[in-house]
Amino acid sequence: MSRKVTVDDLALFGGNALFSTPKSTSNLLQPDFEKFINYSKPLFDPRIQSGSIVKLLEQRLAAFHQTEYCVTFCSGFWAIALAISALAIKGRTEIVMPSLTYRRMADIAAWVKLKPHFCEVDPKTLAMNEATARACINDDTALILAAHPIVNCCDIDGLVSLAKEKNIPLLFDSVESVYESTASGKIGKFGNAEAFSIHACKLLNGFGGGYLTTNDGALTTQLVRMRDGSDINYTSISNGMNARLNEMHAAMALAALDDIDKQVSLNRDRYHTYKHLFATIPDIRLVEFDERYQTGYKNIVVELLDEWPLSRSETVNLLNAENILARVYYSPPLHRKPMTFPHVDAVLPVTDRLAKRYLNLPCGQLVTERDIEDIVWILHFIHQNANAIAERIQT
Ligand SMILES: *Cc1c(COP(=O)(O)O)cnc(C)c1O
């Protein structure tokens, strides 16, 4: 690690990178290896039926979220897609969803042959709320897909009561809120179902996979049938599929689940280091976790305020050159991307404005306290030398 003395020392201008190994915005939890091996043992025991590790994971996750049921899938994407297929009101064509969200959310709508109807977000939470969803509801609304932002939670109570009032199914994408609680209780039981991912970049790492939680028994039966393709009629061709989670991934996720409290407490320490250090830099704001409730402290998101002296893309390029893999927050928003499938045209000025202001900074298992000091230090350096940097970029 070499700190900079002059602007010429910045890696973008030919200096050595601040980090020799890249610092990622993915969580990259590596669970205890022995635990993983132990959970995998049934795979090698011919007396134990295949599927037992997945079943155990489903029980453990239902208990973790305090729900009656959990159904696992090969990915979060297919968990969401199949939940929409099961829940959407038949004969209707639109899904209400935010535009400032997961980059494949509109593709999910395309797979289930529904049109995304993008709604605005609340600038305070960066998430949709009761009012922004309500503005998009019409006689064609088949489902509300409410996505939590990556720091804190969306307006759960407002959305739940809106869905009840309008009699429209409500699915939460709770991937980024897996560990959170709110004033109304633990995430997992709201709406008709909630979707999660156990991809390696998420808080709970199964090296890939996803799951849904719900208290609806009939929905659970339907989802299991769809996932396993067990409705197929072997004498004709139908919409059969296999979207099951495999046993190795379940073993990995079980080991990760055993470690999650420890992991969160380390994330908490990292977050507090960031928070403490960001208090010393002007014109940039850390998006704070609401510590009144249980939270996973996973994502580090900052807002570049109007006074920040460089553009966001210049800032990201400078950081990336230093091997700090900072990323733009959900940008471009979905409604700004070309879509080859049917959708509802959207005009979203709040989303457009917010989509230009936020950055994700490195977080998770492989980021040390010292790394955080260096990351905040370089942001400070960039701020202090912004004029000289802007000149260098021009030439
Ligand atoms: C990662 C992610 C998904 C999809 O999960 P996969 O397991 O990667 O398919 C869905 N929603 C959000 C908010 C995500 O971050």
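The values are calculated or read from the model by the stated rules, or taken from the named source; none is laboratory data. All values derive from a computational prediction rather than experimental measurement. Counting neighbours? That spans all protein chains shown, and the Cβs are built from the backbone with ideal geometry, glycine included.
Picking from residues in segment 89-126 that are surrounded by fewer than 24 Cβ atoms within 10 Å (Cβ to Cβ) and among the small types (Gly, Ala, Ser), the one that is farthest from the chain's Cα centre (by Cα) is Gly91. Within segment 357-395, being in a strand (DSSP E or B) and hydrophobic (A, V, I, L, M, F, W, C) holds for Leu359, Leu361.
Looking only at residues in segment 100-115 that are under 22 Å from Ala135 (Cβ atoms) and not polar (S, T, N, Q), which one is farthest from the ligand (Cβ to nearest atom)?
Among residues in segment 100-115 that are under 22 Å from Ala135 (Cβ atoms) and not polar (S, T, N, Q), the one farthest from the ligand (Cβ to nearest atom) is Lys115.
What's the number of the only condition in (1) within 12 Å of the ligand (Cβ to nearest atom); (2) among the small types (Gly, Ala, Ser); (3) in contact (Cβ under 8 Å) with a residue 40 or more places away in the chain that Ala81 fails to meet? The one condition Ala81 does not meet is (3). Applying the set (1) farther than 21 Å from Lys189 by Cα; (2) aliphatic (A, V, I, L, M); (3) within 16 Å of the ligand (Cβ to nearest atom) to Met97 leaves exactly one unmet item: (1).
Residue pairs whose Cβ atoms lie under 6 Å apart, separated by 6 or more positions or on different chains, with the first residue in segment 135-149 and more than 14 Å from Pro98 (Cβ to Cβ) and the second within 11 Å of the ligand (Cβ to nearest atom), do not occur.
Would you mind stating whether Glu176 is touching a residue at least 12 places away in the same chain (Cβ under 8 Å) and among the acidic types (Asp, Glu)? For Glu176, the condition - touching a residue at least 12 places away in the same chain (Cβ under 8 Å) and among the acidic types (Asp, Glu) - is met.
Which one is surrounded by the most Cβ atoms within 10 Å (Cβ to Cβ) among residues in segment 304-340 that are within 15 Å of Tyr358 (Cβ to Cβ) and small (Gly, Ala, Ser)? Across segment 304-340, the extreme among qualifying residues is Ala326.
Inspect all residues belonging to segment 291-310 and state whether any of them is assigned to a helix (DSSP H, G or I) and either at pLDDT below 95 or in contact with a Pro (Cβ under 8 Å, 6 or more places away or on another chain) (or both). Looking for residues that are assigned to a helix (DSSP H, G or I) and either at pLDDT below 95 or in contact with a Pro (Cβ under 8 Å, 6 or more places away or on another chain) (or both), one finds none in segment 291-310, hence no. For the residues Leu359, Leu334, Leu379, the requirement of being under 24 Å from the mean Cα position of the chain (by Cα) and closer than 13 Å to Leu310 by Cβ singles out Leu359.
Here's a check for you: in segment 120-178, which residue that is among the polar types (S, T, N, Q) and within 16 Å of the ligand (Cβ to nearest atom) is nearest to Gly364 (Cα to Cα)? So that I can check it myself, show each step before the final result.
Kept after step one, since they are among the polar types (S, T, N, Q), are these residues of segment 120-178: 125, 129, 132, 138, 141, 152, 161, 167, 174, 177.
Applying the additional criterion that residues be within 16 Å of the ligand (Cβ to nearest atom) yields 125, 152, 174, 177.
Values: Thr125: 22, Asn152: 17, Ser174: 19, Ser177: 15 Å.
So the residue we want is Ser177.
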